[in-house]
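Only the coordinates and a few stated rules stand behind these numbers; no lab work does. Remember, it's a predicted structure, so these values are computed and weren't measured experimentally. Note that each Cβ is placed from the backbone with ideal geometry, even for glycine, and that neighbours are counted across all protein chains shown.
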Amino acid sequence: MGRDRTWLLLLPALGLLVLLFLAPLAWFLARTLFIETAPAEVPALFADVLTARSMQVAALTTLWVSVLVTLATLVIGYPIAFYLANRRGWRAALVVFCVVVPYFTSVIVRTYALTVVLGRSGLINELLGASGLIGAPLALLYNTFGIVVGMTYVLLPYMVLTLYATMKAIDPNLLRAGRALGASPLYLFRRVYLPLSVPGIVSGSLIVLILALGFFITPALMGGPGDVTVAMLIERAIEILIDWPSAAVMSVVLLAATLILFAVYARVTDLRRMMGA
Amino acid sequence: MRAALPLFVGCACLLLILPIAIVVVLGFSGGTFLRFPPTSLSLRWFAAFLGDPGWRAALWSSLAIGGVACVVATGVGFLAAYALVRGAFPAKRLILAVALLPIVSPTVVTAIAMYYASARLGLVGNVVWVGLCHAVIAFPVVLLILLSALQAVDLRLEQAALSLGASRARTLRTVVVPLAAPGLASAALFAFLTSFDELVISLFLTNAATQTLPVRIWNSLHMQVEPTVAAVSAFLIGVTGVILAADALLRRRRKA
């Protein structure tokens, strides 16, 4: 083969990533934090932004919502992935369809669709009202519940596809052997299947958590006035307050959290299988 | 107990697909208000969408930006995927992790950084520039699809071409590209879709003249709920549907 110079083919990609992603990020953070802010003031700036009540509330909201969403996608996604990994035929194809179509539909369209279903005069309230179960429309939107439902809806496919990739690789013979030896289905699931699917649970939870922490569109459209996430606070700092230094500090925090989680994710996941490719 | 799993999965799938189905139906509604089920069906909101110069401009802008992103991300992603599949160099895992950063890093942060740079370079609102920025987030998608597609290309065919005296470039052009064509086409479709559906970067980088369909949907959701939004959403869902169907056909060809 001689000298291997195939790595040169990485250069265009490197150029794209550096020029349009890493350099703007470095430029934005370095200029706002080190050039436009005096070095002596940087610690005070961080302290100010991080101890501001709005930031602390937003950080708590973001964490709380992200953890809830991760748990919800896990609880709903696990049975779906289990079903997919163990069935074939048109039913499985239909389930794949129901997972993949939302996955590739624009987040803004999916969020809009949910607001139509969950709104005060949306389908759910109409049905419940018509059936006489409720007197007044339920507040399903513009509160924390709305955000959690919306983000669970948007992020569920990531969980399902990640779990499916792990479950597909579990040898069905192990379950057959266990059954032949007289184990009950529940015991088999608890002692064989569940432990073998743990890598998928970890990977799926991490990717959902990573994406949830930085989520912007769905919380912005489905949350109430009190539900401000860190991503929304960053957007407001730029669009409304034109406060670049605060935005930079919050970006550093959000980026750091994301990168740490991604470093863990990259260690426990075959990255080539990310996003169910 | 045996019926519990299919029942649960069935309900979950219904909940997943229902909001999308409802929006599609609403897009065809005949009434002046968003009501489900609609009292009558018509194409009036699609006519309103395509008849409105603002929405039409947004459509063209989305198509142009998606086109640039698709071409750039597919080209760059193909070369990188080939290098990662065939090359013998260290730190491949790390390189892949860095290449995937654009999809995990918070979009708001990415968008603000791009906006910061674009504002200083005077490029806010430039369609080609926004397309290039979208290529950054479409690139990881292309890379993931092509890593798996290229794995399936028989290495021996390339070795045959190389040993018969073809250069790397010629081997790529005349052996690898044709063999990976279905995968490349899938990758290009999803690169386009990634850009076509992207909102946050477009929100910061486009201006009133170059705003994309998702940006216009976002703006009109903040002002008033007009049924045109349902029609535009149905249109975007339709584009997703067409691309997924094309991908399904291409997958069949990949296996054949």
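Once you've got the GNM for chain A with C-alpha springs shorter than 10 Å, pick whichever of A:Asn173, A:Asn143, A:Asn125 has the biggest mean-square fluctuation.
Per the Cα network of chain A with a 10 Å cutoff, A:Asn173 tops the list.
With unit charges on the beta carbon (Lys/Arg positive, Asp/Glu negative), name the residue among B:Ala181, B:Ala245, B:Trp218 whose Cα is farthest towards the positive pole of the charge dipole of segment B:148-252.
B:Ala181
Give me the tail of P(r) for segment B:42-255 as a percent: Cα-Cα pairs with distance above 26 Å.
43 percent
Enter the mean number of other protein chain beta carbons within 10 Å of the beta carbon of each residue in B:234-240, as an integer.
Going residue by residue through B:234-240 and averaging, the value is 4.
If only Cα atoms are counted, what is the Rg of the protein assembly as shown, and what is its Dmax, in Å?
When restricted to Cα atoms, the protein assembly as shown yields Rg and Dmax of 24.0, 80 Å.
Where in chain A are the helices, taken as whole DSSP H runs, whose Cα atoms extend 18 angstrom or more along the long axis and whose Kyte-Doolittle mean reaches at least 1.0?
A:53-86, A:90-103, A:144-168, A:194-213, A:244-268
Among B:Ser42, B:Met114, B:Pro140, whose Cα lies farthest out toward the positive end of the dipole of segment B:42-255, if unit charges sit on the beta carbon of Lys, Arg (+1) and Asp, Glu (-1)?
Working it through, the farthest residue towards the positive pole turns out to be B:Pro140.
Please give the average number of partner chain Cβ atoms lying within 10 Å of the Cβ of each residue in B:196-202, rounded to a whole number.
What the average comes to for B:196-202 is 4.
With contacts defined as alpha carbon pairs under 8 Å and 6 or more residues apart, what's the relative contact order of chain B in percent?
The normalised contact order for chain B reaches 31 percent.
Mind jotting down the distance between the C-alpha centroids of segment B:158-228 and segment B:24-44, whole Å?
Segment B:24-44 and segment B:158-228 have Cα centres spaced 32 Å from each other.
For a quick check, take a GNM of chain A with Cα springs below 10 Å and name the residue from A:Ser251, A:Ser106, A:Ser131 with the largest mean-square fluctuation.
A:Ser131
To the nearest 10 degrees, how steeply does helix B:181-197 sit against the main Cα axis of chain B, on a 0 to 90 scale?
Value to nearest ten degrees: 40.
Arrange the peptides B:236-246, A:184-194 so that the one whose residues have, on average, the most other Cβ atoms within 10 Å appears first.
Listed from highest to lowest mean packing, they are B:236-246, A:184-194.
From Cα pairs below 8 angstrom and at least 6 apart in sequence, can you work out the relative contact order of chain A, rounded to a whole percent?
27 percent
Going through segment A:57-131, which trypsin sites (Lys or Arg not before Pro) have at most 10 other Cβ atoms within 10 Å and a DSSP loop state?
A:Arg88
On average, how many beta carbons from a partner chain sit within 10 Å of the beta carbon of a residue in A:115-123?
Mean inter-chain Cβ contacts per residue within 10 Å come to 4.
Suppose every Lys and Arg Cβ carries +1 and every Asp and Glu Cβ carries -1, with no other charges. What dipole size does chain A come out with about its Cα centre, to the nearest 20 debye?
Here the size comes out at about 1420 debye.
If I build a Gaussian network model for chain A, linking alpha-carbon pairs within less than 10 angstrom, which residue out of A:Leu211, A:Leu114, A:Leu128 has the largest mean-square fluctuation?
A:Leu128
Once you have the Kirkwood Rh of segment A:41-276 from its Cα pairs, apply Stokes-Einstein at 25 °C and 0.890 mPa s and quote D in µm²/s.
123 µm²/s
Mind giving me the nanometre distance, one decimal, between the label points for A:Val57 and B:Cys11, set 7 Å out from Cα along Cα→Cβ?
In this crude label model, A:Val57 to B:Cys11 measures out at 3.5 nm.
Considering chain B, which cysteines have no disulfide-compatible partner, defined as another cysteine with its Cβ under 4.7 Å away?
B:Cys11, B:Cys70, B:Cys133
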